[in-house]
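Nothing in this text is a laboratory measurement; each read-out follows from the coordinates by a stated rule. Treat the numbers as computed from the prediction; the structure is a model and nothing was measured. As a convention, Cβ positions derive from the backbone with ideal geometry for all residues, glycine included, and neighbour counts pool all protein chains shown.
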Amino acid sequence: RAKHSGRSTYIWYTPDMDAEAQKRKALEGDLRKALAQDEFRLLYQPQFSLRDLKLTGYEALLRWEHPERGTISPTVFIPIAEDAGLIEEIGAWVLLHACREASRWRDTSLTVAVNISPAQFSPGQTEERVAHALKVSGLAPERLEVEITESLLISDTNAVVKTLTQIRQMGVSVAMDDFGTGYSSLSYLSRFPFDTIKIDRSFVATVGKNPTTDAIIASIVGLGRSLEVTITAEGVEDELQVALLRAAGCDKVQGFLFGKPMDLTDQSASDTVALAQQTRREKLLLTAG
Ligand code: C2E
Ligand code: MG
Ligand code: MG
Ligand code: MG
């Protein structure tokens, strides 16, 4: 029986896998032309300080406007770009464009966070790319944060620590993204220089509903306190989560409740965002007490 079900699984999935593989190949080909054809676009998702619900900055999130397929999610094309050796070039574009855009925001206290893929991270070159983007854009280093993921930390530890240290010496912050989902243990954090830990949204989604989640969040916050890093919660979707994250001691929040990733090309948009959040913010302030 097991064998039979195994075989039928095989028969069922093979054509689908071929279709998947073909789509991937097609996308890879298109991806090679995407930069030259100006098909990438950055959206910005607001981040707020939990203490006073003030806008502190934005995370830049990449979108691919495919001429036939429409908008494609980074969860689809980033892995393809990584495998195809295209991520360095795309990553450099993201860094430069995010810094340029942020340098035009009226409120010069706002930060911009940029995701850096482990595949794009190469000691020596990453520092140079960051320095170049800052120089060309004129953005103050203190306004840039780079987000890396745990999987980076299991690679060449010494080289990664050195690069992160150099980036921080420029005045740029380093955030650990999706914390709690990867391989690394809490002890990794003490060995790597970070300014921010972003609690993955899978934990935020179950806060208050799962005692294990609550314990994990409490220990991340506790560790963050002792390492003196900022704790950001990602994927905040409702007000109960805000209350619980506040009680747990998180510093910042980001999520659909406060704002989806949005186009800020029109520079006045950042003012509009602040306005749009005002109502929500006041409501939350009232319920916070
Ligand atoms: P991430 O860096 O963890 O970014 C957060 C993701 O969660 C974003 O998805 C965002 O739209 C989504 N999100 C934010 N708030 C909520 C919420 O309240 N609920 C839910 N369900 N989702 C929320 P997005 O934009 O699709 O990006 C997915 C991932 O793709 C990112 O995860 C990041 O790992 C990667 N990515 C995005 N842009 C870039 C980039 O420029 N370079 C690289 N290397 N990776 C990128
Ligand atoms: Mg991120
Ligand atoms: Mg994340
Ligand atoms: Mg992610």
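Lysines near Lys33 by alpha-carbon distance under 21 Å, same-chain residues fewer than 8 away left out - which ones?
Within reach: Lys23, Lys25.
List the residues of the stretch 189-212 whose backbone N lies under 12 Å from a point placed 7 Å from the Cα of Val161 along the Cα-to-Cβ direction.
189-193
For the residues Met170, Met262, what sequence is obtained by ranking on other C-beta atoms within 10 Å, fewest first?
Met170, Met262
Tell me which residues come under 5 Å, amide H to amide H, from Val146 once H is placed; ignore anything under 5 positions away on its chain.
Val114, Ser173, Val174, Ala175
Lys198: which aspartates and glutamates have alpha carbons under 13 Å from its alpha carbon, excluding same-chain residues fewer than 8 sequence positions away?
Excluding near neighbours in sequence, the set is Glu59, Glu145, Glu147, Glu150, Asp177, Asp178, Glu234, Asp251.
DSSP loop trypsin sites (Lys or Arg not before Pro) in the stretch 152-227 with at most 13 other Cβ atoms within 10 Å of their Cβ, which ones?
Here the trypsin sites (Lys or Arg not before Pro) that fit, given the DSSP loop and packing criteria, are Lys209.
Placing one identical point scatterer on every Cα of the stretch 8-117 and ignoring solvent, what is log10 I(q)/I(0) from the Debye formula at q = 0.14, 0.17 Å⁻¹?
Each listed q corresponds, in turn, to -0.66, -0.85.
Counting other C-beta atoms within 10 Å, which of Glu59, Glu237 has the fewest, and how do the rest follow?
Exposure proxy ranking, most exposed first: Glu237, Glu59.
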